[in-house]
Amino acid sequence: MSAYESLRYLGGGYFGEVWLEKDNALNRNCAAKYIRRTLDLGERGPFAEAQAMVHAEHDHVVRIYSAEMDDGVPVIRMEYLPDGSISDRYGKHPLPIGDSLKAIIDACRGLEFLHTRGWLHRDLKPANLMLGHNGEVKLSDFGLACTEDHVHQLPIGYATHLPPESVSSGYIDSVAGDIYAMGTTLYRLVNGDVFFESQIDDDADLVDLIERGKLPRRDQYLPHIHKSLRRVINKALNVDPCKRYDSASEFRHAIESVIPKVSWREVGLDEGVGWDGRGGSDGWRARIQSTKRGKFSFKVERKTASGVYRALRSDSQSFDTEQDAIQFAAAVLDRIAAIGK
């Protein structure tokens, strides 16, 4: 019997392929990353990613099991997380605000530890935030990780997550760069990738847009995202790295300070626009729908203890245009998120 039994292909990327395997000796599954033989990693060597994971051992970092050569191929084996990544679970859809903040708070805890050990991640994005067995988020994919004093120049970072100071070179070289990438990740989680990608034209000059602070659009958010959260994200995305958060810890504390009383999420409707909210045991729903008279009505309702939704009459209004209704809805949703009523 071989030491490892290959079960199925999980995915692949620039550095290699990942397979689900069973460790027959320990009777447990693992994710095995096979590094491409043809990959030129220079002085880093094939196990730089594994070494970074060892230095970053933390509850919010994917755990490494082993690193070895297998028939001349470098293999890194790590814990297998069957729920996949944030990206796998939600696709291009926005996450509920509360879920988004919890995910980034967890990720920031892992990033804090990595930074205190003198390492940079350099490839933060939703696909690299894995869901643990208890719903916690763990950082993964350390293929681009390096120490702050030994930055290697592999220009293969996720282009839209590169900060203005790095987008021309193609690689992140500072803590501030990781903060920016985490901020972009949070922007994508709360807005969804359909909204995010709508800001990128086919013929767009990404370098120019990012350097000028026009991607992502700091002045454009979905209506249900409260203003205090927008300010936190925009600081992480400041064009000037000196004006971002000084650390992942500071960014995390800023996020924790704007956790809403009511967490809204966008819901799909056959007609109109809608949001559902949750605050403790309270349920909320808000809807914009067209009327027979060609107007647009906005109504927000709160779920009572008996399970019946009752409208907040002062917040139920009619508008001539859908845009006017959305602007009013944004203000109401912001208030409810902030104070819970």
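The values are calculated or read from the model by the stated rules, or taken from the named source; none is laboratory data. Just so it is clear, the structure is predicted and the values come from calculations on it, not from any experiment. Neighbour counts run over all protein chains shown; Cβ positions are idealised from the backbone, glycine included.
Exactly one of these conditions fails for residue 110: (1) buried (at least 21 other Cβ atoms within 10 Å of the Cβ); (2) outside the structural domain of residue 175 (by the TED database). Give me its number. Result: residue 110 passes all but (2).
The number of residues in the range 287-302 that are at pLDDT below 95 and not polar (S, T, N, Q) comes to 3.
Going through (1) modelled with pLDDT under 95; (2) touching a helix residue (DSSP H, G or I) at 6+ places or on another chain (Cβ under 6 Å); (3) among the charged types (D, E, K, R) one by one, residue 205 falls short only on (2).
Per the conditions (1) in the same structural domain as residue 179 (by the TED database); (2) of a type in the set (Gly, Ala, Ser); (3) without any contact (Cβ under 8 Å) to a residue 60 or more places away in the chain, the sole criterion not satisfied by residue 249 is (3).
Of the set (1) without any contact (Cβ under 8 Å) to a residue 24 or more places away in the chain; (2) within 20 Å of residue 188 (Cα to Cα), all apply to residue 269 but (2).
Residue by residue, here is whether (1) touching a Pro at 6+ places or on another chain (Cβ under 7 Å); (2) free of Cβ contacts under 8 Å to residues at least 60 places away in the same chain; (3) over 17 Å from residue 237 (Cα atoms); (4) basic (Lys, Arg) holds:
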{"position": "116", "(1), (2), (3), (4)": "no, yes, yes, no"}
{"position": "123", "(1), (2), (3), (4)": "no, yes, no, no"}
{"position": "128", "(1), (2), (3), (4)": "no, yes, yes, no"}
{"position": "135", "(1), (2), (3), (4)": "no, yes, yes, no"}
{"position": "146", "(1), (2), (3), (4)": "no, no, yes, no"}
{"position": "159", "(1), (2), (3), (4)": "no, yes, no, no"}
{"position": "164", "(1), (2), (3), (4)": "no, no, no, no"}
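Return the residues of the range 168-184 that are in a helix (DSSP H, G or I) and either modelled with pLDDT under 95 or touching a helix residue (DSSP H, G or I) at 6+ places or on another chain (Cβ under 6 Å) (or both); say none if nothing qualifies. Walk me through how you get there before you give the answer.
From the range 168-184, those in a helix (DSSP H, G or I) are 175-184; that's our starting set.
Selection gives 175, 176, 179, 181, 183, 184.
Close Cβ contacts (under 6 Å, 6 or more residues apart or on different chains) running from residues in the range 168-196 that are under 11 Å from residue 125 (Cα atoms) to residues that are surrounded by fewer than 24 Cβ atoms within 10 Å (Cβ to Cβ) and charged (D, E, K, R) comprise 185/125. Here residue 118 passes the criteria (1) touching a Ser or Thr at 6+ places or on another chain (Cβ under 8 Å); (2) on the phi < 0 side of the Ramachandran plot except the one numbered (2). Within the range 279-336, the set of residues being among the aromatic types (Phe, Trp, Tyr) and touching a helix residue (DSSP H, G or I) at 6+ places or on another chain (Cβ under 8 Å) comprises 284, 296, 298, 319.
Exactly one residue among 46, 94, 74 is without any contact (Cβ under 8 Å) to a residue 60 or more places away in the chain and assigned to a loop (DSSP other than H, G, I, E, B), and that residue is 46.
If you check residue 143 against the conditions, is it at pLDDT below 95, touching an Asp or Glu at 6+ places or on another chain (Cβ under 8 Å) and assigned to a loop (DSSP other than H, G, I, E, B)?
Judged against the criteria, residue 143 is a match.
Quick check on the range 201-213. Is at least one of its residues in contact with a Pro (Cβ under 8 Å, 6 or more places away or on another chain), of a type in the set (A, V, I, L, M) and either buried (at least 24 other Cβ atoms within 10 Å of the Cβ) or not in a helix (DSSP H, G or I) (or both)? Yes - at least one qualifying residue is present in the range 201-213. The listed residues are 277, 272, 307, and the only one of them that is more than 25 Å from residue 60 (Cβ to Cβ), modelled with pLDDT under 95 and touching a Lys or Arg at 6+ places or on another chain (Cβ under 8 Å) turns out to be 272. Restricted to the range 228-263, and to residues there that are among the acidic types (Asp, Glu) and in a helix (DSSP H, G or I), the residue that is surrounded by the fewest Cβ atoms within 10 Å (Cβ to Cβ) is 256. Note on the range 286-341: residues that are part of a helix (DSSP H, G or I) and in contact with a strand residue (DSSP E or B) (Cβ under 8 Å, 6 or more places away or on another chain) total 11.
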